[in-house]
2 protein chains.
Amino acid sequence: MASIKKNSTNNINRETIKSRCPEAYAMDLIGTRWKLSVFYNLKNGPMRFTVLRDRIGNVTDRMLTLHLREMEQDGLVIRTVYPEVPARVEYQLTESAMELQPVWELLRAWGSRHRNRQEGVEVAP
Amino acid sequence: MASIKKNSTNNINRETIKSRCPEAYAMDLIGTRWKLSVFYNLKNGPMRFTVLRDRIGNVTDRMLTLHLREMEQDGLVIRTVYPEVPARVEYQLTESAMELQPVWELLRAWGSRHRNRQEGVEVAP
DNA sequence: ATGCTTGCTTACATTTTTGTTAGTTCCTTA
DNA sequence: TAAGGAACTAACAAAAATGTAAGCAAGCAT
């Protein structure tokens, strides 16, 4: 998240797959720990940093900041600073990010179904 | 992938989110490096280990094995061993895994669109 | 002048994921 | 009897993600 080594096998593999495959590119943008939570909490409108943090719960300032910064960079959220004191910063989803909504819905449905099917399967009696 | 510390903050956070949110559960099952490639290559039918490995390219035996094992455990692939020598092992997607197809299609479409929009945005002239 | 809140940042530590290398086993065929 | 291929596994190393703890700037209320 912070410093990636451009020439590591790891990174080269990642980039190769991303460049070949839009699904992989998409997964890369949305697939880390707190991003889904950000989408989920911002889907109904903008929210300021602390509120978002408290709603998510269990995120540290640092982690949330890191993820928000990446999402901003990636065109998924917009950051608006209001020149007040104490500082007020609001985050909102971009249009493009909103268009992920159908994906989340499908994933949610699939997840529920799959979890039900898996219940009791993994731990044999 | 191998040894996770059950009581780390990291793991607790992960599990908490997963348990609350089917989307997160889903993302957790499908979101690591080589799994998308496995889905992609198996979507038209079963395939043996080496063929799969060579089609994906750049995966090591170990990595592929690790991911396939997890996917098996998670009810996403079925592993069939044919008692021949040299060994023949075939992998195929489960029905549940096939049902992810619409998700991949949406993600692919979104990924392409988003990438186009982002082009030239990140690197200012 | 001091304390207060928000939204960060820095430096460091831990955990998790990914990769590297070198085996191993099974029988079959040469 | 030795070589060979498929499908692994073990031991180790590196990279990346996540978490912890502390601190800082701005400027308003006290």
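Side notes on the structure shown:
- Some residue of region B:23-44 being over 15 Å from the mean Cα position of the chain (by Cα), more than 9 Å from chain A (Cβ to nearest Cβ) and farther than 22 Å from A:PHE39 by Cβ: yes
- Count of region B:82-125 residues which are facing chain A (nearest Cβ under 8 Å) and either farther than 19 Å from B:LYS43 by Cβ or of a type outside the set (A, V, I, L, M) (or both): 15
- Search result, residues across region A:69-78 that are in a helix (DSSP H, G or I) and either farther than 19 Å from B:MET27 by Cα or among the small types (Gly, Ala, Ser) (or both): A:ARG69, A:GLU72, A:GLN73
A quick yes/no check of all residues on (1) more than 17 Å from B:ASN58 (Cβ to Cβ); (2) of a type outside the set (Asp, Glu); (3) in a helix (DSSP H, G or I); (4) out of contact with any Pro (no Cβ under 8 Å at 6 or more places or on another chain):
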| residue | (1), (2), (3), (4) |
| --- | --- |
| A:ARG14 | no, yes, yes, yes |
| A:LYS18 | no, yes, yes, yes |
| A:ALA26 | yes, yes, yes, yes |
| A:ARG33 | yes, yes, no, yes |
| A:PHE39 | yes, yes, yes, yes |
| A:VAL51 | yes, yes, yes, yes |
| A:VAL59 | yes, yes, no, yes |
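- Every pair of residues 6+ apart whose Cβ atoms lie under 6 Å, when the first sits in region B:41-61 and is under 24 Å from B:GLU95 (Cα atoms) while the second is open to solvent by less than 60 Å² (accessible area, probe 1.4 Å) and part of a loop (DSSP other than H, G, I, E, B): B:ARG53/B:VAL59
- For region A:67-77, the criterion of being touching a strand residue (DSSP E or B) at 6+ places or on another chain (Cβ under 8 Å), away from DNA strand C (no atom under 16 Å from the Cβ), within 11 Å of chain B (Cβ to nearest Cβ) and farther than 22 Å from B:GLU70 by Cα is met by no residue.
- Contacts under 8 angstrom Cβ, first residue in region A:1-23 being free of Cβ contacts under 8 Å to residues at least 24 places away in the same chain, partner open to solvent by 90 Å² or more (accessible area, probe 1.4 Å) and within 7 Å of DNA strand D (Cβ to nearest atom), 6 or more apart: A:ASN11/A:ILE4; A:ASN11/A:LYS5
The values are calculated or read from the model by the stated rules, or taken from the named source; none is laboratory data. Computed from a predicted model, the values in this text were never measured in an experiment. A quick note on method: Cβ atoms are made from the backbone with ideal geometry, for glycine too, and the neighbour counts reach across all protein chains shown. What goes into the accessible areas is simple: the full protein's heavy atoms, side chains included, and nothing from ligands, DNA or RNA. Shrake-Rupley method; radii C 1.70, N 1.55, O 1.52, S 1.80 Å.
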